[in-house]
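Worksheet: the structure to be examined is printed underneath.
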């Protein structure tokens, strides 16, 4: 039987994302397993694992919004931006007022530029940033543009600051908290981080590490369609399923929003090709999820010359 789906895992602190993958990999000898979006060892919460052919859908999970609960300690700093580095207290800095904290939070919503922490896993000139730091190198971290959809102050009692954050892929939460503190005249280190969700994968539905080690893996798999819920759906019949399986294009009219169908759009408002969407004028290169009568994901298809052509084809469900 082909295992094809996702595991919504609750990663405990103290483990790397790869450690969690290894737990599943040891139980599923010969089956590919990959994670969607790294969580640092300090962090806990939702870690989505693709199993079997679902590994090829991991990029679609990574495109979805992330939901975090983060705690920061103001008036302190560390080279790593969290408690894993040596923490320095800055008693000389002013204590921000609640109003200053709220104003700073508002200013960090939307598309913003970030400088990732030097201890991150980002690639800089062919090497991981943290590897270059450990080797004693000095270098400038490149800026990156990220999307912050929501940033709410849950609690502020100096020096503790709790934030609720919904953001796009690639956002560094340590940096976001530090930038907020700097805008309010202080500095900060991250003391706790929990990822509460990635798109439709939420912590209330997650499985524990103990369950991953002992319970039946197949029973914990969630459907691969969850990875592409943001894509328009193209309903296909048996003939269409056969054609896609043989690498042939199909006709049809997907349900959903054409404005969110272009891979390069990143699902961001106002960033799509022009077209008469009301009349179903799908742009070439648009993507859709081809779903058969049973609701199973058969392929990711792309628009080409008024047809939908297979981009990634998946096995039929095992009976």
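Figures for the structure shown
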| read-out | value |
| --- | --- |
| Sorted by Cβ neighbour density within 10 Å, fewest at the top, the residues 282, 308 | 282, 308 |
| Spacing of the two label points (7 Å from each Cα toward its C-beta) at residue 284 and residue 237, in nm | 2.9 |
| Per-pair calculated FRET efficiency, R0 = 45 Å: residue 219 and residue 99 via Cβ, rounded to 0.05 | 0.35 |
| Cα-based shape type of the stretch 23-76, given that a ≥ b ≥ c are square roots of the gyration tensor eigenvalues and the cut on a/c is 1.5 | oblate |
| Most to least packed among 3-9, 89-95 [average Cβ atoms within 10 Å] | 3-9, 89-95 |
| Packing-based order for 207-214, 220-227, using average beta carbon neighbours within 10 Å, highest first | 220-227, 207-214 |
| Förster-model FRET efficiency, 30 Å R0, residue 29 and residue 311, C-beta, rounded to 0.05 | 0.55 |
| Computed lengthening from residue 211 to residue 182, 0.36 nm per intervening residue step minus Cα-Cα distance | 6.3 nm |
| Förster-model FRET efficiency, 22 Å R0, residue 3 and residue 229, C-beta, rounded to 0.05 | 0.60 |
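Read-outs: derived from the displayed coordinates by stated rules, not from any lab. Since the model is a prediction, treat every value here as computed from it, not as a measurement. No Cβ is skipped: glycine too gets one built from the backbone with ideal geometry, and neighbour counts run over all protein chains shown.
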